[in-house]
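Just below is one structure, and these are the notes that go with it.
The values are calculated or read from the model by the stated rules, or taken from the named source; none is laboratory data. The structure displayed is predicted, hence computed values, not measured ones. Methodologically, a virtual Cβ is constructed for each residue, glycine included, from the backbone with ideal geometry; neighbour enumeration extends over all protein chains shown. Note: areas computed on protein heavy atoms with side chains; ligands, DNA, RNA excluded. Shrake-Rupley method; radii C 1.70, N 1.55, O 1.52, S 1.80 Å.
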2 protein chains.
Amino acid sequence: MRVGELADRTGVAPRMLRYYEEQGLIASTRQDNGYRAFEEADVERVRTVRSLIASGLPTRLVRVVLDIEALADDERSPSCSTAFAEMLYGELTTLNDKIACLTKSRDTVRHYLEHTEHSALVGAAEPV
Amino acid sequence: MRVGELADRTGVAPRMLRYYEEQGLIASTRQDNGYRAFEEADVERVRTVRSLIASGLPTRLVRVVLDIEALADDERSPSCSTAFAEMLYGELTTLNDKIACLTKSRDTVRHYLEHTEHSALVGAAEPV
DNA sequence: CTTGACCTTGACACAGATGTCAACGTCTAC
DNA sequence: GTAGACGTTGACATCTGTGTCAAGGTCAAG
């Protein structure tokens, strides 16, 4: 599919899709006419990219996470440099901190809403 | 305490503390000489602000979360406009999405690390 | 009184994510 | 073949969160 369709299906502007490609977060082949060609799987990938970026990860880290996700199934006992592993471990810690912080905020907001006369709204959000 | 001490104790540059104040995320009184005066509780508050911003929340939302947190203990059955409640509900959904996305990425990274020869690193990170 | 550490405000600069626009090529439909 | 929708690249603008610096006030120590 071309960039416009991918944009329609993900809700992400073509401009940003090109930017993500430039940053190495998504890939495309080229048609004879120079148009980008994306695959079905890119729809999911773009959604993941969006979420990760919205969650405060810089593109450079999004790339790492996606790369790891990609080889997770094949290479089950991978070897990597200690430096890389330590970097990942640092990021793991950062991710845990972010999750903890967001969870606390989420609970704060939810508890607040539950105590307003609009508490019915909260019904849908399942506790974790 | 003055801005320098708060900076030392939070690891956040004075420049950013003034910025956060400008954005309404923290408050200070002024001494006679014009110096900002912060309270003990601001140390925690600044840490919270940092975490929330690092988690991708824009300052405008950080303000809302902190405001809610502040009145959570006093006003237990607050009344607010439907529009505000709906906005909060929307943010609640966003927070849940971010948490889910970060959790998935965290698990991806952790599982990867566990399968490398550096798996010993992961020991500290408790599963959630 | 001077020095040095700390504070003030204000400005300018920068990076990352994003919007917008121009100039131009491609393709479909009339 | 021309119009219109869509694609391409490249440039510039904007917003946020930051860093840095200048010009100046405050204050404690020598």
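Scan (1) buried (at least 19 other Cβ atoms within 10 Å of the Cβ); (2) touching a Phe, Trp or Tyr at 6+ places or on another chain (Cβ under 9 Å); (3) not acidic (Asp, Glu) for the single condition residue B:98 breaks and write down its number.
Looking at each condition in turn, residue B:98 falls short on (2).
Out of curiosity, is residue A:92 within 26 Å of residue B:62 (Cβ to Cβ), aliphatic (A, V, I, L, M), more than 13 Å from the chain's Cα centre (by Cα) and more than 13 Å from DNA strand C (Cβ to nearest atom)?
yes
For region B:1-34, which residues satisfy the criterion of being within 11 Å of DNA strand D (Cβ to nearest atom) and polar (S, T, N, Q)?
Hits for region B:1-34 are B:23, B:31, B:33.
Going by the conditions given, is residue B:30 over 30 Å from residue A:92 (Cβ atoms), in contact with a strand residue (DSSP E or B) (Cβ under 9 Å, 6 or more places away or on another chain) and surrounded by 12 or more Cβ atoms within 10 Å (Cβ to Cβ)?
Judged against the criteria, residue B:30 is not a match.
Criterion first (free of Cβ contacts under 8 Å to residues at least 24 places away in the same chain, within 12 Å of chain A (Cβ to nearest Cβ), away from DNA strand D (no atom under 11 Å from the Cβ) and not in a loop (DSSP other than H, G, I, E, B)) does residue B:67 satisfy it?
Yes; evaluated as a whole, the condition is true for this residue.
Please specify each residue of region A:33-60 satisfying the condition of being among the basic types (Lys, Arg) and either away from chain B (no Cβ under 11 Å) or open to solvent by less than 70 Å² (accessible area, probe 1.4 Å) (or both).
Once the filter is applied, which keeps residues that are among the basic types (Lys, Arg) and either away from chain B (no Cβ under 11 Å) or open to solvent by less than 70 Å² (accessible area, probe 1.4 Å) (or both), region A:33-60 yields A:36, A:45, A:60.
Consider region A:20-49. How many of its residues are more than 15 Å from the chain's Cα centre (by Cα), under 22 Å from residue A:67 (Cβ atoms) and among the aromatic types (Phe, Trp, Tyr)?
Selection size over region A:20-49: 1.
Would you call residue B:27 part of a loop (DSSP other than H, G, I, E, B), more than 28 Å from residue B:97 (Cβ to Cβ) and among the aliphatic types (A, V, I, L, M)?
yes
For residue A:63, are the conditions met, namely being within 13 Å of the chain's Cα centre (by Cα) and open to solvent by 60 Å² or more (accessible area, probe 1.4 Å)?
It is true that residue A:63 is within 13 Å of the chain's Cα centre (by Cα) and open to solvent by 60 Å² or more (accessible area, probe 1.4 Å).
Scan region B:35-51 for residues that are within 13 Å of DNA strand D (Cβ to nearest atom) and over 20 Å from residue A:101 (Cα atoms) and jot them down.
B:35, B:36, B:37 - these are the residues of region B:35-51 that are within 13 Å of DNA strand D (Cβ to nearest atom) and over 20 Å from residue A:101 (Cα atoms).
Condition first: at pLDDT 95 or above, among the polar types (S, T, N, Q) and more than 12 Å from DNA strand C (Cβ to nearest atom). Can you find one or more residues in region A:65-82 that meet it?
No, there is no match, as no residue in region A:65-82 is at pLDDT 95 or above, among the polar types (S, T, N, Q) and more than 12 Å from DNA strand C (Cβ to nearest atom).
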